[in-house]
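The values are calculated or read from the model by the stated rules, or taken from the named source; none is laboratory data. Everything numeric here is computed off the predicted structure, so don't read it as measured data. When we count neighbours, we look across all protein chains shown, and the Cβ atoms used for this are built from the backbone with ideal geometry, even at glycine. Side chains are part of the model used for accessible areas, which takes the heavy atoms of the whole protein and leaves out ligands, DNA and RNA. Shrake-Rupley method; radii C 1.70, N 1.55, O 1.52, S 1.80 Å.
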Amino acid sequence: MKKAAAWLVSACMGIGILTGAGTVMAAEAEEVIHIGALKGPTAMGMAQLLEDEEYEFTIAASPDEIVPMIVQGKVDIAAVPANLAAVLYQKTEQKVSVLAANTLGVLYIVENGDTVKSAEDLKGKTIYASGKGATPEYALNSVLEANGIDPEKDVTIEFKSEHAEVVAALAQDQTAVGLLPQPFVTTALMKNENLKVALDLNELWESSAADDSRLVTGVVVVRNEFAEENKEALDAFMDAYQESVNFVNTDTEAAAEIIGAHDIIPKEVAVKAIPECSIVFIEGDEMETMLSGYLATLEEQNSEIIGGKLPDEAFYYKR
């Protein structure tokens, strides 16, 4: 099982934004829903649910901690990268479904200075990034190509293993730009006053998309066995989750307090990062339209990152 889980992770993106891991245990109850989420935006939207006795949370640092828990049935619901959901669907023989999109584009181009105003200004630039062979690389390539820029000829993309290395490279090369995710963008800006956000990759994606797809970086999935046996509880969770997302986006101070207390990201970072993290709860037909378009774009570049092929209609949960 561990070998299979490792294979799944190798084919999907990692949004390991911060390091460290922790488990938030709910108070004892007759029955609890077991939920897994990653540190960063995928868990931040669940802030209001963290101390609810109906739920037991595992907050992990990277997808490779969550994957085996889903495969082995140790969690019922999980917030994961969008392409990982598609990989899981294929590799578990359709035993999971996607409930909702929970995070849209969290990728940004940052720079020292004020030279980049549009995607066209990236031509000729060196772009430092992390996430080679994963969604950040394919999202960047797609946006560049949509704006008439050849990723192999018109720019120099240098991949680093960690986000901190991107920031360090920018300090050494003042003419380059960097591709970073939230909330690491906020952390970097707080540490380096010379850095600024130049471009929002989500906005660039939407402006160049031929359909209604969105840059969907995170989703919530459910094990189908759990969904079939606990429909009322699942519907109640989805309603509560939607309320939590609204709470996080409207009362950032209170949400940041909870997020910091549960070691998802530091409170002071969360206060500034929440408005930039595109935390949402989008289900049903709207979710299917935006997610299917996003996965189709990834498939064009590398089908393995979505499990080898596009998921069929049964992948999208409808209540």
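Couple of notes before you dig in:
- Accessible carbon and sulfur surface of the chain relative to its total accessible area, %, 1.4 Å: 45 percent
- Subtracting the Cα-Cα distance of Asp121 and Glu268 from their residue separation scaled by 0.36 nm leaves 49.7 nm.
- Extension gain, Gln94 back to Arg319 (0.36 nm per residue minus Cα-Cα distance, nm): 79.2 nm
- Residue-span extension gain [Gln72 to Asp173] - 0.36 nm each, minus C-alpha spacing: 31.8 nm
- Per residue accessible area in Å² of the chain, where ligands, DNA and RNA are left out and the probe is 1.4 Å: 42 Å²
- Relative to the Cα centre, the charge distribution of the range 101-197, modelled as +1 at Lys and Arg Cβ and -1 at Asp and Glu Cβ, gives a dipole magnitude of about 200 debye.
- The alpha-carbon of Lys74 sits under 23 angstrom from the alpha-carbons of these lysines, leaving out residues fewer than 8 places away in its chain: Lys2, Lys3, Lys39, Lys91, Lys95, Lys231.
- Calculated [θ] (222 nm, deg cm²/dmol) that DSSP helices of n ≥ 4 give over the chain, each run adding -39,500 (n - 2.57): -12000 deg cm²/dmol
- In the chain, a dipole from Cβ-located charges (positive for Lys and Arg, negative for Asp and Glu) runs towards its positive end, and of Gly131, Ala254, Ala176 it is Ala176 whose Cα lies farthest in that direction.
- Label point distance in nm, Ser208-Ala240, each placed 7 Å from Cα along Cα→Cβ: 4.1 nm
- Candidate cross-link partners of Lys125 among the lysines, defined by an alpha-carbon separation under 30 Å and a same-chain spacing of 8 or more, comprise Lys117, Lys153, Lys160, Lys191, Lys196, Lys272.
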